[in-house]
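Colleague: I have a structure I would like to understand better, so I am pasting it below and will then ask my questions one at a time.
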Amino acid sequence: MKKYDLVVVGTGTGGSAPAYAARKAGLSVAIIDKREYGGTCALRGCDPKKVLVGAAEIMDRIQKMKGLGIKQGSSIQWEDLMDFKRTFTKGVSENREEGYRSAGIDTYHGVASFQSENEILVGDALISFEQILLATGAKPRPLNLQGEEYIDTSDDFLELDHLPKKLVFIGGGFISFEFAHIAAFGGSEVHILQRSEKPLKKFDSDLVSLLVKRSRELGIQVHLNTKPTRIEKMDGKYKVFADQKGESVVFECDRVFHGAGRIPDTDDLNLEAGGVREQKKGIAVNEFLQSISNERVYAAGDSAASMGLPLTPVGGKESAEVIENILKGNHRQVDYSVMPSVVFTQPKLAKLGLTEEEALDQGIEIDGNKMDLKDWYTYKRTNEPYAMIKTVTEKKTGKLIGVHLLGSNADELINYFALIMKFDLPYEEVKKTIFAYPATASDLEYLL
C-alpha cells in the first residue's frame, strides 16, 4: 500500500494548484482523475466554449452593422472553427500530467473510491493518506426521462465535427442559452425547452426577459412552460415529446442536448465508506472547507457544499484557501461577498450580488434603479439593440448590493463593479477617476 501526505482527486482548477503547493512544501502527493487530466474548464468548459462564443460574437457584430458600412457575407465554417478550438485543448492533458511528474507528484488514472476514513482505491491500487482534497467537479443532473440515453451533454457539443441542422436543448440554464446562440449563428434551427415560466432563474427577471426576446429575434425558439416527457429515436433522428401548458407537443431534431443544470460529481467516491457526509449541494464542509464528519477530508469547487457559486474562479479561490489550511492548520476562509457571473450570449448577461427579489426576501430595504443604455454612445456606435443596467442599493447605507447588466460588454463592466464592491470604494472617488474615453470604464461615472 502506497502512503501519501496528501491525495488530490481531480486535476482541474480546484485540484491542480494545491497539489503543486503541497509538493513544494515537501509533502508526498498523489493526484487522481477518472477522465483526461486538465479538468472541465480547460478541456470541456470555459476555455474551449469561449472560442466558439468569440465566433458567434463576430457574426453578431457583422449582422448588427449590416447596411451601416458593413456588407454581410461571412459565415461560420464549423469544421474550421472546431479545428481552431482544438488548438487550445490539444496537449493539455499530456502537458498537465508531465508537469505533475516533473514536480514529483505521483499520478493515477481511474475512479477513486473510499475504502475507509484514510484509504482510497484507484483501480487495483490501494492508497492511504493523511489528508485528501476532493475537487471532482460537477456533471449533468439526471432528468429521469424515458429515452434519456439519447441526450448529449455540453462535452459532446464541444466535440461536434459537424453542426446539426436542428437542435433541441432541454432546460433553460446558461449552458442551453450559450450553446443555442453559438448554434444559431452557425446556421442551425434551435429550440430551448424550459419547464417553467422563467429561464436563467438566478439572474434578474427583467434582463432575462430582454435576453429571451433577443434570442427569439435571432431565430432561437424559446419554449416556456414546456416540460419534456420522453425522447424517441427513429432513423437517426430524434423526437422530443413534451407537455406544454397541458397540451402534448413534439419537437423533431438531429441532436438533443442537456442544459438543465449540474450536480456534484461524487456518486462513485463511495463517501459513506470514508465517513464523509454529503448534502444535496455536495460534500458537507465547515468554514475552512473541511469535511464536518471526517477531518482528513477537504473539498473545493463544485463538489463542496460551500457558500460559493459553481464557478471556476470560485473553485480556484477555494482550493487556494484549502491548501493553506492543510499546510498551516485551519485559519483561512473564502470571502464570498463578491462573485460576478456571466452568461456568454449575444448580448451577454451578467450578475453581481443580489437581485431585487433576493434582497427583499432577506428583509433588506432597497432602492432599485434601471437604465436603458442602448442609446448611449458605447452601444449605439455598434448598433446594439439591447443594453441595460439595474442596480440594487441598501436604503439604510446607500451601498450597492447588486448590479445586473445586459450588453455586449457586460462581462467586462461587471468586473469593474466587482472591484468597487469588493474594496468598498467611495463612489465619488470612483467618479473622479479619469478613464480612457471612449471605453467601457468611462461610463462608470454615470452608472454609480
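What follows draws every value from the coordinates through simple rules; no lab data is involved. Small disclaimer: the values here were computed from a predicted structure and weren't measured. Cβ coordinates were reconstructed from backbone atoms using ideal geometry, including for glycine residues, and neighbour counts include every protein chain displayed.
Colleague: Post the alpha-carbon centroid distance, segment 120-174 to segment 234-303, in whole angstrom.
Modeller: 9 Å
Colleague: Considering only Cα-Cα distances, which of the following residue pairs are longer than 30 Å: 202/422; 66/432; 198/239; 166/348; 50/139?
Modeller: Pairs exceeding the cut-off: 66/432.
Colleague: Still on this model: For residue 98, what is the net charge nearby, where nearby means another residue's Cβ is under 15 Å from its Cβ and Lys, Arg count +1, Asp, Glu -1?
Modeller: Taking every other residue near residue 98 into account, the sum is -1.
Colleague: Restricting the count to DSSP beta bridges whose residues both fall in the chain, what percent are antiparallel, rounded to a multiple of 5?
Modeller: The antiparallel fraction comes to roughly 60 percent.
Colleague: Nothing charged except the Cβ atoms of Lys and Arg (+1) and of Asp and Glu (-1): what's the magnitude of the dipole of segment 117-258 about its Cα centre? Round to the nearest 20 debye. Show your work: numbers first, answer last.
Modeller: Details: 18 positive and 23 negative charges, 182 e Å.
The dipole of segment 117-258 has a size of about 880 debye.
Colleague: Can you tell me how much longer the chain between residue 98 and residue 71 gets when fully stretched, taken as 0.36 nm per residue apart minus their C-alpha distance, in nm with one decimal?
Modeller: In short, 4.9 nm is gained.
Colleague: OK, next. Across the Cα atoms of segment 1-82, what radius of gyration and what greatest pairwise Cα-Cα distance (Dmax) are found, in Å?
Modeller: 21.4, 70
Colleague: Ignoring everything except DSSP H segments at least 4 long, calculate the 222 nm mean residue ellipticity for the chain; use -39,500 (n - 2.57) per segment, divide by total residues, nearest 500. Let's see the in-between values first.
Modeller: Working: 14 runs with 139 residues, N = 448.
Computed mean residue ellipticity for the chain: -9000 deg cm²/dmol.
Colleague: What net charge do the residues around residue 252 carry, taking every other residue with its C-beta under 15 Å from that of residue 252, with Lys and Arg at +1 and Asp and Glu at -1?
Modeller: Details: positive: 165, 166, 230, 233, 237, 239, 255; negative: 189, 232, 235, 254.
Residues near residue 252 contribute +3 overall.
Colleague: For segment 118-202, go through all pairs of different Cα atoms, get the mean of 1/r, take its inverse, and jot down that Kirkwood value in Å. Could you put the intermediate results ahead of the total?
Modeller: Working: mean 1/r = 0.0624 Å⁻¹.
After inverting the pairwise mean of 1/r, the radius is 16.0 Å.
Colleague: For the chain, with the dipole built from +1 on Lys and Arg beta-carbon atoms and -1 on Asp and Glu ones, taken about the Cα centre, which of 354, 334, 191 lies farthest toward the positive end?
Modeller: Checking the options against the dipole of the chain, the answer is 191.
Colleague: Using the Kyte-Doolittle scale, which helices in the chain average at least 1.0 and also have C-alpha atoms spread 27 Å or more along the helix axis, with helices defined as whole DSSP H runs?
Modeller: Within the chain not a single helix satisfies the rule.
Colleague: Here is a further query. Binned at 10 Å from 0, what are the whole-percent values of the Cα-Cα distance distribution for the chain, short to long?
Modeller: Bins of 10 Å from zero give 4, 19, 26, 26, 19, 6, 1, 0 percent of pairs.
Colleague: Which residue, chosen from 145, 74, 111, occupies the Cα position most advanced towards the positive end of the dipole of segment 72-169, where the dipole is computed from +1 (Lys, Arg) and -1 (Asp, Glu) charges on Cβ about the Cα centre?
Modeller: 74
Colleague: Let me ask something else about it. Quote the charge dipole size of the chain about the Cα centre in Debye, to the nearest 20; the model charges only the Cβ of Lys and Arg (+1) and of Asp and Glu (-1).
Modeller: 920 debye
Colleague: Could you estimate the translational diffusion coefficient of segment 347-447 from the Stokes-Einstein equation, with Rh from the Kirkwood formula over C-alpha pairs, at 4 °C and 1.567 mPa s, in whole µm²/s?
Modeller: Working: Rh = 14.1 Å.
So the translational diffusion coefficient is about 92 µm²/s.
Colleague: What chymotrypsin sites (Phe, Trp or Tyr not before Pro) in segment 417-446 are in a loop by DSSP, with at most 11 other Cβ atoms within 10 Å of the Cβ?
Modeller: Numbers: sites: 417, 423, 427, 435, 446; in loops: 423, 435.
The qualifying sites are 423.
Colleague: With the crude spin-label approximation of a point 7 Å out along Cα→Cβ, what separation in nm comes out for residue 272 versus residue 250?
Modeller: For the pair residue 272/residue 250, the computed spacing is 4.2 nm.
Colleague: Using the Cβ atoms and a cut-off under 9 Å, what net charge is assigned to the surroundings of residue 227, where Lys and Arg are +1 and Asp and Glu are -1? The partial results should precede the final answer.
Modeller: Working: positive: 195; negative: 243.
After counting each charged neighbour, the total is 0.
Colleague: Okay, moving on. If you place +1 on the Cβ of every Lys and Arg, -1 on the Cβ of every Asp and Glu, and leave all else neutral, what size is the dipole of segment 347-447 about its Cα centre, to the nearest 20 Debye?
Modeller: Dipole size: approximately 260 debye.
Colleague: Using only the alpha carbons of segment 168-252, determine the length spanned along each of the three principal axes and report them from longest to shortest in whole angstroms.
Modeller: Between the extreme Cα coordinates on each principal axis of segment 168-252 lie 39, 32, 19 Å.
Colleague: Hey, another quick one. Which Cys residues of the chain have no other Cys Cβ less than 4.7 Å away and so no disulfide-compatible partner by this rule?
Modeller: 253
Colleague: Once each part is reduced to its C-alpha centroid, what is the distance from segment 334-364 to segment 71-92 in angstrom?
Modeller: 32 Å
Colleague: For segment 175-316, just list the percent of Cα-Cα distances falling in each 5 Å bin from zero outward, please.
Modeller: 2, 8, 14, 15, 14, 12, 12, 11, 8, 4, 1
Colleague: Calculate how many DSSP beta bridges within segment 1-158 are antiparallel, expressed in % of all such bridges and rounded to the nearest 5.
Modeller: Details: 8 of 24 bridges.
Bridges in segment 1-158 that DSSP calls antiparallel: roughly 35 percent.
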